[in-house]
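The values are calculated or read from the model by the stated rules, or taken from the named source; none is laboratory data. Given the structure is predicted, the values throughout are model-derived calculations rather than measurements. Quick reminder, even Gly has a Cβ in these numbers, built from the backbone with ideal geometry, and neighbours come from all protein chains shown.
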Amino acid sequence: MKFWLSVVAGLGFAMIATVTIAARPTISLVIENHRFQPTELRIPAATKVLLLIENRDSTPEEFESTDFNREKIVMPKSTIKVFVGPLDKGRYKFFGEFHQDTAQGVLIVE
Amino acid sequence: MLGITLLVFREVLEAALIVSIVAAATRGVLRRGGYISAGIALGISGAILVALFAGRIATLASGLGQELFNASVLLAAVVMIGWHVVWMSSHGRELAKQMQTVGHSVQAGSSSMALLFGVVALAVLREGSEVVLFLYGLMAGGANNVWLGLGLGLAGGAAVGMLMYFGLLRIPMRHFFAVTNWMLVILAGGLAATAAGYLLQADWLPAFGNQLWNSSALLSERSLSGQTLHILVGYTDRPAGVQLLAWGFTVMVLVVGMRWMSRPRLLAVPATSSAEGAVLQD
């Protein structure tokens, strides 16, 4: 019994480890003049991706999405990384909290 | 300017709600107004420092410094609140009795009360640093009416906090500390859930289900009531499994701690208190 429990636990850890180590698709997003470029991002469903967000403006921005629960400051002239997903198919909005009039975008999971 | 007011209001509201719960929970403590003001002042200074070093913090832990910093601040607040409520569960009754008989002059004395003022400082620090960065960006961009927006947002957030504080004061004295204690327990659960959210974002924790449910159509987290509930009870319209776990674990640990501390102690007399008793008899 104990043996099988440890086998199951070991397999579990191995699975988590593989999932974490496996290379993630990386997608780039640029903030310029308080707008996102591109305004539409496409990622596959049920996959964790790494979003690289570069702020080319001279003022800070906050990348935020309530649809996929992310929130991170992007300092001027710098790049942040944000892990996103795995998500179900659908449209998920994101925005720049500090410039909501212009900084709007959508993540399309397909 | 409306945009500035709204953003400032949003951030101030979060801190103001936490301050109002702490203010209620420390009712009757001597000079608590001074302590709370000091906590807020400390928080604002901290917020400016954090904003100044935001670039540095962001690059720590290979780009995950921000998440880890936020999670640490939140978890520190959880520990402080936890310590206080567990301590209060064995001393709260005496405190309430003392207040009823002696009136308003309970000595803070305990370190547990000081911890709550630390919670005020941390809440202000976390929300304040975002406001500072936002305002800095606006002023660098030459926006108009920045100060007016800041003032209105501050006033609005503070007003909601006051409303909540005076609402809490209407609770009858015999239930008062029980209610504020429970509010602190639930608040700690919510803060732990938010911390788990940051660690998930940093990929330090598994999600255990990325979005367990979606109640955004029912009650959006961006709405005033949604955001208020987010702070008070940790409401999230699309929670991850690990956030729910963090919430449940925190509340459970605190409840067990409170029960354990308030258990009847007829046989087990702590060594320290008997020693104190001996000294007093002398």
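Scanning the range B:150-162 for residues that are more than 14 Å from the chain's Cα centre (by Cα) and buried (at least 17 other Cβ atoms within 10 Å of the Cβ) returns B:150, B:152, B:153, B:154, B:156, B:157, B:158, B:160. Exactly one residue among A:89, A:72, A:77, A:81 is more than 8 Å from chain B (Cβ to nearest Cβ) and closer than 23 Å to residue B:60 by Cβ, and that residue is A:77.
Of all residues in the range B:65-79, those that are assigned to a helix (DSSP H, G or I) have Cβ atoms under 8 Å from Cβ atoms of residues that are surrounded by fewer than 20 Cβ atoms within 10 Å (Cβ to Cβ) and aromatic (Phe, Trp, Tyr), 6 or more apart or on another chain, in B:67/B:204; B:68/B:204.
Applying the condition of being of a type in the set (A, V, I, L, M) and assigned to a loop (DSSP other than H, G, I, E, B) to the range B:212-239 and asking which residue is surrounded by the most Cβ atoms within 10 Å (Cβ to Cβ) yields B:212.
Residues in the range B:21-33 that are under 14 Å from residue B:118 (Cα atoms) and within 13 Å of the chain's Cα centre (by Cα) were compared, and the one that is surrounded by the most Cβ atoms within 10 Å (Cβ to Cβ) is B:22. Taking the range B:177-206 as the range and being surrounded by 22 or more Cβ atoms within 10 Å (Cβ to Cβ) and without any contact (Cβ under 8 Å) to a residue 40 or more places away in the chain as the test, no residue passes.
Residue check: is residue B:20 part of a helix (DSSP H, G or I), closer than 17 Å to residue B:84 by Cα and at pLDDT 95 or above?
Values: part of a helix (DSSP H, G or I): yes; closer than 17 Å to residue B:84 by Cα: yes; at pLDDT 95 or above: yes.
In short, yes.
Would you be able to say whether some residue in the range B:225-247 is farther than 16 Å from residue A:87 by Cα and of a type in the set (Lys, Arg)? Taking every residue of the range B:225-247 in turn, none turns out to be farther than 16 Å from residue A:87 by Cα and of a type in the set (Lys, Arg).
Against the conditions (1) within 13 Å of residue B:240 (Cβ to Cβ); (2) more than 11 Å from chain A (Cβ to nearest Cβ); (3) surrounded by fewer than 22 Cβ atoms within 10 Å (Cβ to Cβ), residue B:209 satisfies every one except (2).
Restricting to the range B:42-64, and then to whatever is of a type outside the set (A, V, I, L, M, F, W, C) and either under 17 Å from residue A:76 (Cβ atoms) or touching a residue at least 40 places away in the same chain (Cβ under 8 Å) (or both), can you tell me which residue is farthest from the other protein chains (Cβ to nearest Cβ)?
Start the filter on the range B:42-64 by keeping residues that are of a type outside the set (A, V, I, L, M, F, W, C), which leaves B:43, B:45-46, B:55-56, B:59, B:62-63.
Checking which are either under 17 Å from residue A:76 (Cβ atoms) or touching a residue at least 40 places away in the same chain (Cβ under 8 Å) (or both) leaves us with B:43, B:46, B:55-56, B:59, B:63.
Numbers: B:43: 18, B:46: 16, B:55: 5, B:56: 9, B:59: 8, B:63: 5 Å.
Checked the range B:42-64; the qualifying residue farthest from the other protein chains (Cβ to nearest Cβ) is B:43.
Selection within the range B:110-149: residues that are farther than 30 Å from residue B:86 by Cβ and small (Gly, Ala, Ser). The member of this set that is surrounded by the fewest Cβ atoms within 10 Å (Cβ to Cβ) is B:142. Residue check: residue A:49 meets all listed conditions (1) in contact with a Gly (Cβ under 8 Å, 6 or more places away or on another chain); (2) more than 10 Å from chain B (Cβ to nearest Cβ); (3) at pLDDT 95 or above but one, namely (3).
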